[in-house]
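Inspection log for the structure reproduced underneath, given as structure tokens.
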Amino acid sequence: MPFDAVLLTCEHGGNQVPAAYRELFQGAAARRALESHRGYDIGALEVARQMRSLLDVPLLACRDSRLVVDLNRSIGHAGLFSEFSTKLAASEREHLIRTHYTPHRTLVEETITAAAQRRACTLHLAIHSFTGTLNSQVRNADLGLLYDPARSAEQSLCLRWQAELVQKTPAMRIRRNYPYRGNADGLTTALRKRFPAKLYLGIEIELNQDMLTSGREPAPSVAKTLVRALQAIGALR
């Protein structure tokens, strides 16, 4: 059954630093971190933009670095602030949450709420990417579909989506709930607490940065493959 509402988000789309916080990132270590996978999800925003063009649906994206404040972490999570931004006074961190964190998450919630008021179920696709090697460990996947196994609709969608993707791109390594758990702390997990399963499906798409940057599977190709597979299983109108 096709979804009446589709929403794309990209919480780690860039590595910009707001002017008020640039002094925190003047050191060499901070600059290196900003340019690395720690600073942003390399390639994710380009894929998200390509998918927006193909689907003609809203995209809510952030270009500020997650090293300033991580929009995909809950308040109180140890990773909400990086070692650079945690140096701020408590009042400054609270201001950062009010001005940079809350607006994005509120807009996402309001978009889903508006669809729910029309009795439409939202398919939320959160576009992220991961480094191919972390702590000397090679990640054995090109693409991960993250979902909550306790939500049968999310699991069913990802099973069918994975099968279709494997058929369309047999050379692409596609896994579910890898390299992270789909029910770990994150925006989709928070939204599941806010909206019932009949009104919200939250799927996090994790893309291997090596795949995107090597040219083996450029962003336009990945976006087209993802969208066509969703269309083939009847998830999109």
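Neighbour counts of other Cβ atoms within 10 Å put Asp64, Asp4 in the fewest-to-most order Asp4, Asp64.
Go through Leu157, Asn72, Ala5 and say which Cα lies farthest out towards the positive end of the charge dipole of the chain; charges sit on Cβ, +1 for Lys and Arg, -1 for Asp and Glu. Farthest along the dipole direction, towards plus: Leu157.
For region 5-232, the relative contact order comes to 26 percent (Cα pairs under 8 Å, sequence separation of at least 6).
In this structure, the amide hydrogen of Ala126, modeled 1.01 Å from its nitrogen in the peptide plane, lies closer than 5 angstrom to those of Thr9, Ile203, Glu204, Ile205, counting only residues at least 5 positions away or on a different chain. Kirkwood radius, the chain, all distinct C-alpha pairs, inverse of mean reciprocal distance: 18.2 Å.
Each of Arg63, Arg175 has some number of other Cβ atoms within 10 Å of its Cβ, and from fewest to most they run Arg63, Arg175.
Taking the Cα centre of the chain as reference, the dipole from Cβ charges on Lys and Arg (+1) and Asp and Glu (-1) amounts to some 400 debye. Taking each DSSP H run with n ≥ 4 as -39500 (n - 2.57) and averaging over every residue of the chain yields -11000 deg cm²/dmol at 222 nm. Helices in the chain that qualify as membrane-span-like (whole DSSP H runs, Cα extent of at least 18 Å along the helix axis, mean Kyte-Doolittle hydropathy of 0.5 or higher) are 219-232. For region 59-67, backbone phi angles converted through the Karplus equation (6.51, -1.76, 1.60; θ = phi - 60°) give residue-by-residue couplings of 10, 10, 10, 10, 9, 6, 5, 5, 6 Hz, Gly and Pro being listed as x. Across region 130-147, the residues whose backbone nitrogen lies under 18 Å from the label position 7 Å along the beta-carbon direction of His37 are 130-146.
Since every read-out is calculated from the coordinates, none of them should be taken as a lab result. All figures in this text were calculated on a predicted structure; none of them were measured in a lab. Neighbour counts run over all protein chains shown; Cβ positions are idealised from the backbone, glycine included.
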